[in-house]
Amino acid sequence: MTQTPHPSPEITAFASELLQHADLTFRFCGWPHAVSRVWEVTSTQQRCFLKQHSQPRKFVSELNCYQEILPALQRNCPELGSCTPQLIGASAPLATLVIAACDGDVVATQTLADGDELECHRRAGAFCQAFHSLPHDDADPLPLADALMQRLNSWLEQGRDVIAPADRLWAAEQFDAASWAHSTARVFCHRDYQPRNWLVAGSGDALQWHCIDFEHTLPDCWLFDCIKLWDRSWRDKPDLRDAFFDGYGRALTAQEDEALLRLGILHAVSTLTWGHLHRDVEFERHGRSVFERLYRIL
């Protein structure tokens, strides 16, 4: 049995000083893969979350999102300002963030009434559109289409032991980012946008919705924020897709629908390979199922 990790003395001291409270309770609530570790921190006065990154680049990305991107979102769309947690503090040497708790439970773990589930996806679409609309000066010298091909090839190379040569060739040929991504501009993307990273509290007219977990946030192809929804939530419930794009303000074009399928190839390859490399059998199995689904569609 895997032992529940406890925060180090350094992290405990950092949290106590930041929160000005010596008597803190830490409850681990992260994922078993330990790419990052998350604890719920409670005292007699407050409740928050402490997140320790194992990869410095993800700490930098998430900190930048809380310090630069989300404040810009709040300025541009004040009505969405309450839809994300607030940063309380951060420690670069410890690669650790302390984030205020939001009301609600993870949407993916809830059985919602049909109307509430539709509303969650509608609000997710509205938030996503506002996020994508933030001003962004794309100074990356590498065109997005080339970057996407490099990303696919990297995952295919890492997955050589688990993806057959014929499947690797098929994936590269079908993905062909140059045929669809050459005119797509980078925008700020959450890049792990799914009900696992949404919170919901209340119902009906009193429903509250929040978006969390910004460690993957980077400029990218905007359709990445649809790919995990296409994979799971929308697969058997097209009405959720309709609600999302109602919130987004427009439907996908035929060309964007096709591009979403091509991004599905990258999603399948990266999921399958990541699961294999991290010995996550369920993740690897799911990546292979997405691969097989795309074989039938394309």
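The values are calculated or read from the model by the stated rules, or taken from the named source; none is laboratory data. Only a predicted model underlies this, so the values are computations on that prediction, with no experimental measurement involved. Virtual Cβ from ideal backbone geometry, glycine too; neighbours counted across all protein chains shown. Accessible surface areas use protein heavy atoms only, side chains included; no ligands, DNA or RNA. Shrake-Rupley method; radii C 1.70, N 1.55, O 1.52, S 1.80 Å.
Can you tell me which of PHE214, PHE245 is in a helix (DSSP H, G or I), within 25 Å of GLU79 (Cβ to Cβ) and open to solvent by less than 70 Å² (accessible area, probe 1.4 Å)?
PHE245
Step by step: first the residues of the stretch 83-114, then only those that are touching a helix residue (DSSP H, G or I) at 6+ places or on another chain (Cβ under 7 Å) and of a type in the set (Gly, Ala, Ser), then the one that is most open to solvent (accessible area, probe 1.4 Å). Which residue is that?
In this case the residue turns out to be ALA108.
Taking the stated definitions as given, is ASP192 without any contact (Cβ under 8 Å) to a residue 40 or more places away in the chain, within 15 Å of the chain's Cα centre (by Cα), closer than 23 Å to CYS120 by Cβ and open to solvent by less than 20 Å² (accessible area, probe 1.4 Å)? Break it down into steps so the answer makes sense when it comes.
Working: without any contact (Cβ under 8 Å) to a residue 40 or more places away in the chain: yes; within 15 Å of the chain's Cα centre (by Cα): yes; closer than 23 Å to CYS120 by Cβ: yes; open to solvent by less than 20 Å² (accessible area, probe 1.4 Å): yes.
Answer is yes for this residue.
With the condition being in contact with a Lys or Arg (Cβ under 9 Å, 6 or more places away or on another chain), I'd like the strands (runs of 3 or more DSSP E) fully within the stretch 25-106 carrying at least 3 qualifying residues.
Filter on the stretch 25-106 gives 36-42, 47-53, 96-100.
Run down ARG296, ARG262, ARG288 and say which single residue is farther than 19 Å from ARG160 by Cβ, assigned to a helix (DSSP H, G or I), in contact with a helix residue (DSSP H, G or I) (Cβ under 6 Å, 6 or more places away or on another chain) and not β-branched (Val, Ile, Thr).
Working: ARG296 fails: in contact with a helix residue (DSSP H, G or I) (Cβ under 6 Å, 6 or more places away or on another chain); ARG288 fails: farther than 19 Å from ARG160 by Cβ.
That would be ARG262, the only listed residue that is farther than 19 Å from ARG160 by Cβ, assigned to a helix (DSSP H, G or I), in contact with a helix residue (DSSP H, G or I) (Cβ under 6 Å, 6 or more places away or on another chain) and not β-branched (Val, Ile, Thr).
Among ALA145, ALA166, which is the only one that is farther than 19 Å from HIS286 by Cα and surrounded by 11 or more Cβ atoms within 10 Å (Cβ to Cβ)?
Details: ALA166 fails: surrounded by 11 or more Cβ atoms within 10 Å (Cβ to Cβ).
None of the other options fit; the residue is ALA145.
Taking the condition of being of a type in the set (S, T, N, Q), modelled with pLDDT under 95 and either over 12 Å from PHE131 (Cα atoms) or open to solvent by less than 20 Å² (accessible area, probe 1.4 Å) (or both), how many residues in the stretch 65-82 meet it?
So the answer is 1.
If the Cβ limit is 6 Å and pairs must be 6+ apart or interchain, which residue in the stretch 210-232 that is over 12 Å from PHE131 (Cβ atoms) pairs with which residue that is among the charged types (D, E, K, R) and in a helix (DSSP H, G or I)?
GLU215/LYS58; GLU215/GLU62
Test ALA22 against the criterion of being surrounded by fewer than 18 Cβ atoms within 10 Å (Cβ to Cβ), among the hydrophobic types (A, V, I, L, M, F, W, C) and in a loop (DSSP other than H, G, I, E, B), and give yes or no. Spell out how you get there, then give the answer.
Details: surrounded by fewer than 18 Cβ atoms within 10 Å (Cβ to Cβ): yes; among the hydrophobic types (A, V, I, L, M, F, W, C): yes; in a loop (DSSP other than H, G, I, E, B): yes.
Spelling it out, ALA22 is indeed surrounded by fewer than 18 Cβ atoms within 10 Å (Cβ to Cβ), among the hydrophobic types (A, V, I, L, M, F, W, C) and in a loop (DSSP other than H, G, I, E, B).
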